[in-house]
Each structure stands twice: as C-alpha cells, then as structure tokens.
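Remarks on the structure that follows.
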Amino acid sequence: MAHFLLLHGACHGGWCWDPVSTILDAAGHRTTAPDLPCESLDAGLTESADAAVAALPDGVGEVVVVGHSLGALLAPLVAHRVPTRRMVMLAGVVGAPGTSLESLATEDADRDVPLEDSDLEFDTEGRFRFTDAGARRVLYHDCPPDVADASIARLRFQRSMWRDVAEFDTWPQVETLSVVCAEDQVVDPAWSRRVARDRLGVEPIELPGGHSPFLARPAAVAAVLMDGL
C-alpha cells in the first residue's frame, strides 16, 4: 500500500482531490491533500513545499508525490525532502532544476493555451483567480455542471510563482510519471508531451479530457496513480 501526497494547482485547495482520495482510500492506500498557502504573498515555492511536507503525518515512510498543474513545480522540491516512491506530474507546469518560470519563458513559450481577457481576475495585491466564466470554460468544461459549480465557489486567489527559483540541483532519482490531458485548455498537451520526453526523460501517459481530471474522471486518475504499486 502507498501514501499519496496530493498537491493541488493554482487557485485550488486539497478539496479538489476528494474524489480521487475516496477511491485510493477504498483501495487501502492513504492520502494527504493539504491546502497549500497559495493566497499568501509570503509563500513562494520553498514555503509551499514546506507546507506540503509539514502536512504529512509522522512516520509516514515513502510517499507518492503527485503535483497537478502549478503543483508540479513543488513536486521535485518535496521529493528531495522526504523518502519518495514515485513522482507524478498531472497536467503539470513542469519546471527545471535551478530555474524559474521567467527564465524558462523562451524555451516554454508554447506551454500555455492562450486565455481570454475575461478568464482571470486580479486583486489589489496582484494575485489572480479564474473568473466564474473562465473556470467553467478552461478548467471544468468536461465536468458535471454541479461539480463545476461547487468547484468555482471554492477557488482562491493565487500568488504569482513567475520569478520563484526552484531550489534543487537535479531531478529526484525516483520513478517519474507525466500524465497529459489530451483536451487540456490550460497547459498545451503538445508541450506536455515534449517536456515529458525531453526534460523528464519519460514517455507521457495520456488521459482524455481537460485540465481537471480529478473531478471529471477520478477513477481514471486513481488507476494511473495506483498502477504498478
């Protein structure tokens, strides 16, 4: 059996993993899905990784670290700090050792699917959040309407991670999976496939649907996470 540390992406919380956690728990695994401090202006990559590690129970042993979207930036930081059995990037914004998103901007110019002006809103501190219409269009377009409605109501503002440097020198020497969502409207699937092969050195695993498979098809996500454990 495995212990899964499930890291959410921008604007979300641990709640987004609930459907997947339910399946994993029923199969005899254990899960931790913390609310990362995405709203805090003082919490960058390092502090967010600190919060993820602190959420793990004492004596947990090896974990499977799963990073969705922006949470994929944290996954290698966490995997360097705790015994890790497997690292999974799910529709991940995959960075690189010792870099920031800003420093990768040219190399990763094709990463983001273009958003419309109305998809995001910003507060006075410069934090962003998906608007109701934007979330419905790009995050939850393939989710049941009631699931989309409930999720939109729980979205939080997100501090930018654009200039934060990933403070690790090499990729963790652990089994790594990269899961691409074929109809992703946030992270371009073609970029994800290329980065899986060229940056992570793995062949991507493909799921149908959009950027939030933990809500749209949790059984498929759970099956990928459990495969081979």
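With respect to (1) of a type outside the set (G, A, S); (2) in a strand (DSSP E or B); (3) over 25 Å from P83 (Cα atoms), the lone exception for M161 is condition (2).
Here is a yes/no grid of residues against (1) touching an Asp or Glu at 6+ places or on another chain (Cβ under 6 Å); (2) in contact (Cβ under 8 Å) with a residue 40 or more places away in the chain; (3) surrounded by 16 or more Cβ atoms within 10 Å (Cβ to Cβ):
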residue	(1), (2), (3)
E47	no, no, no
L56	no, yes, yes
G59	no, no, no
V64	no, yes, yes
H68	no, yes, yes
G71	no, yes, yes
V78	no, yes, yes
R85	yes, yes, yes
V88	no, yes, yes
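Condition test on T106, is it surrounded by fewer than 24 Cβ atoms within 10 Å (Cβ to Cβ), of a type in the set (S, T, N, Q) and either without any contact (Cβ under 8 Å) to a residue 24 or more places away in the chain or within 25 Å of S192 (Cα to Cα) (or both)? Spell out how you get there, then give the answer.
Details: surrounded by fewer than 24 Cβ atoms within 10 Å (Cβ to Cβ): yes; of a type in the set (S, T, N, Q): yes; either without any contact (Cβ under 8 Å) to a residue 24 or more places away in the chain or within 25 Å of S192 (Cα to Cα) (or both): yes.
When the stated conditions are applied, T106 passes them.
Residues are listed down the side, and each one gets a yes or a no for (1) crowded, with 20+ Cβ neighbours inside 10 Å; (2) touching a Pro at 6+ places or on another chain (Cβ under 6 Å); (3) at pLDDT below 95; (4) assigned to a helix (DSSP H, G or I):
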position	(1), (2), (3), (4)
D184	yes, no, no, no
S192	yes, no, no, yes
V195	yes, no, no, yes
V202	no, no, no, no
H211	yes, no, no, no
L229	no, no, yes, no
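Residues of the stretch 49-71 being in a loop (DSSP other than H, G, I, E, B) and either farther than 19 Å from C11 by Cα or more than 18 Å from the chain's Cα centre (by Cα) (or both), which ones? Within the stretch 49-71, L56, P57, D58, G59, V60, G61, E62 qualify.
Quick one: would you say T46 is in a strand (DSSP E or B) and either over 20 Å from S151 (Cα atoms) or within 17 Å of the chain's Cα centre (by Cα) (or both)?
So T46 fails the test.
Screening R163 with (1) more than 24 Å from E203 (Cβ to Cβ); (2) touching a Gly at 6+ places or on another chain (Cβ under 9 Å); (3) crowded, with 20+ Cβ neighbours inside 10 Å gives one miss only, at (3).
Let me confirm something: among T170, T124, which residue is under 21 Å from M89 (Cβ atoms), surrounded by fewer than 15 Cβ atoms within 10 Å (Cβ to Cβ) and at pLDDT 95 or above? It would help to see each step written out before you state the result.
Values: T124 fails: under 21 Å from M89 (Cβ atoms).
Selected residue: T170, the only one of T170, T124 that is under 21 Å from M89 (Cβ atoms), surrounded by fewer than 15 Cβ atoms within 10 Å (Cβ to Cβ) and at pLDDT 95 or above.
Scanning the stretch 121-157 for residues that are β-branched (V, I, T) and touching a residue at least 12 places away in the same chain (Cβ under 8 Å) turns up T131, V138, V147, I152. Here L5 passes the criteria (1) closer than 22 Å to R127 by Cβ; (2) surrounded by 18 or more Cβ atoms within 10 Å (Cβ to Cβ) except the one numbered (1). Looking across the stretch 17-36, the residues that are without any contact (Cβ under 8 Å) to a residue 40 or more places away in the chain and outside any helix (DSSP H, G or I) come down to G28, R30, T31, T32, A33, P34, D35, L36.
Candidates V180, V138, V78, V93: the one that is assigned to a strand (DSSP E or B) and under 16 Å from the mean Cα position of the chain (by Cα) is V180.
The values are calculated or read from the model by the stated rules, or taken from the named source; none is laboratory data. Because the structure is a prediction, the values reported are computed rather than measured. Every residue, glycine as well, gets a Cβ built from its backbone with ideal geometry; the counts of neighbours run over all protein chains shown.
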